[in-house]
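A quick write-up on the structure given underneath.
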């Protein structure tokens, strides 16, 4: 009996979906069970409400019975940390506990110092999702009120239920790389803001400038702006004056022809003539800010390149066409030591690329990515996925396969996410096994008709 092809596709799709969901569900269940099992009769559970200057803590056993008479208040400094440690040890001794699990919300950067102190004193902290705290605080009193007594209890309850995550505090070269990467992102954001302000200035005072230079930060253009920012200032210089500035700075690929074009743009400018004194000051300050931050950015990039060289196998990732130092450094900064992961699926979860399904009863919702994880890592992977599809022939072929296959073809955005997940697996294999990038193997993994026939 011949089974219709449409029937085979339907059955295959359902079976693949079931297997994927079962795998994800089992993984989550095991993780949750392990976390719950870590909280035993001899465990002291702490809920800590982190603040910028003052923290509040409450202590519970594994069943939720409170040991602290009132929230313990301590300052965010060495003296406060020492008092907090003494308070913990006192409760620990009184109630015969041999393990402490402190839980807190990752409130900005305020938890960093306390978390490091606890870790150094063999009390490894865990983090709870602020969204979960907000949703859970009404369970006891049906009141959404936030205060220093209620929040530590809610946090401790989430820890007892295994609804926490173990933070990763990078050390050594990974700590330096994460800090440097954060600096690079911040400086790049500042540069973008300054560029937008410069563009706004041109729109008001010299809109024709953009017809001469496609980019407002062009080197030859910025040299002129420092001396003659407004159209009338450029006209005063004249063609020879403009050209002389470039010759003194030894700027190539510009000359009298470009100077003439700039002069003509200034002659026909419709820019504002009001507030010229302030306008000259504004563009001067903007240019100074741009140059200073750009110099700092180059220093940070140079540091990042040196740090990447210190990580084993990291430079091999650059052998993949379409993958640059920005991607590699950003990936390692977000992930840290790759050896702490057991498999690529854990990396996918960290990036928020894990598969989730919205289903109810007989209704089977669409399977999507979780988007729960490190946002910057997910954004970086999406950017490099677009680069790979454009520049890398094997990843471009993979993208084409995902979007055109007969069984469960993906939309463009879905395919890019799948390409990003594939790159994660490639990175994991290269860094953990020390293997080189193999384009043939990547292409060989694309078509698996035998698998579909077997499942059907």
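The values are calculated or read from the model by the stated rules, or taken from the named source; none is laboratory data. All values derive from a computational prediction rather than experimental measurement. Here the Cβ positions follow ideal geometry from the backbone for every residue, glycine too, while neighbour counts run over all protein chains shown.
Considering the range 74-95, the residues that are touching a strand residue (DSSP E or B) at 6+ places or on another chain (Cβ under 8 Å) and surrounded by fewer than 16 Cβ atoms within 10 Å (Cβ to Cβ) include one that is farthest from residue 56 (Cα to Cα), namely 95. Which of the residues belonging to the range 178-192 are closer than 30 Å to residue 231 by Cα and surrounded by 13 or more Cβ atoms within 10 Å (Cβ to Cβ)? Listed by number, the residues that qualify are 188, 190, 191. Within the range 412-441, the set of residues being over 18 Å from residue 331 (Cβ atoms) and surrounded by 13 or more Cβ atoms within 10 Å (Cβ to Cβ) comprises 414, 415, 438, 439. The set of residues in the range 387-396 being touching a residue at least 24 places away in the same chain (Cβ under 8 Å) and surrounded by 15 or more Cβ atoms within 10 Å (Cβ to Cβ) consists of 387, 388, 389, 392, 394, 395. Residue count for the range 144-177 under the criterion of being closer than 17 Å to residue 302 by Cβ and crowded, with 20+ Cβ neighbours inside 10 Å: the result is 1. For the range 161-197, a residue qualifies if it is out of contact with any helix residue (DSSP H, G or I) (no Cβ under 8 Å at 6 or more places or on another chain) and outside any loop (DSSP other than H, G, I, E, B), and the qualifying residues are 165, 172, 175, 179, 186, 189, 192, 193, 196.
Looking at residue 98, is it at pLDDT below 90, surrounded by fewer than 16 Cβ atoms within 10 Å (Cβ to Cβ) and in the same structural domain as residue 49 (by TED's automatic domain parsing)? Here the answer is no, as residue 98 does not meet what is asked.
Considering only residues that are in a helix (DSSP H, G or I) and surrounded by 13 or more Cβ atoms within 10 Å (Cβ to Cβ), which ones fall in the range 307-326? Correct list: 307, 308, 314, 315, 316, 317, 318, 325, 326. Would you call residue 31 at pLDDT below 85 and either within 26 Å of the chain's Cα centre (by Cα) or in the same structural domain as residue 153 (by TED's automatic domain parsing) (or both)? Spelling it out, residue 31 is indeed at pLDDT below 85 and either within 26 Å of the chain's Cα centre (by Cα) or in the same structural domain as residue 153 (by TED's automatic domain parsing) (or both).
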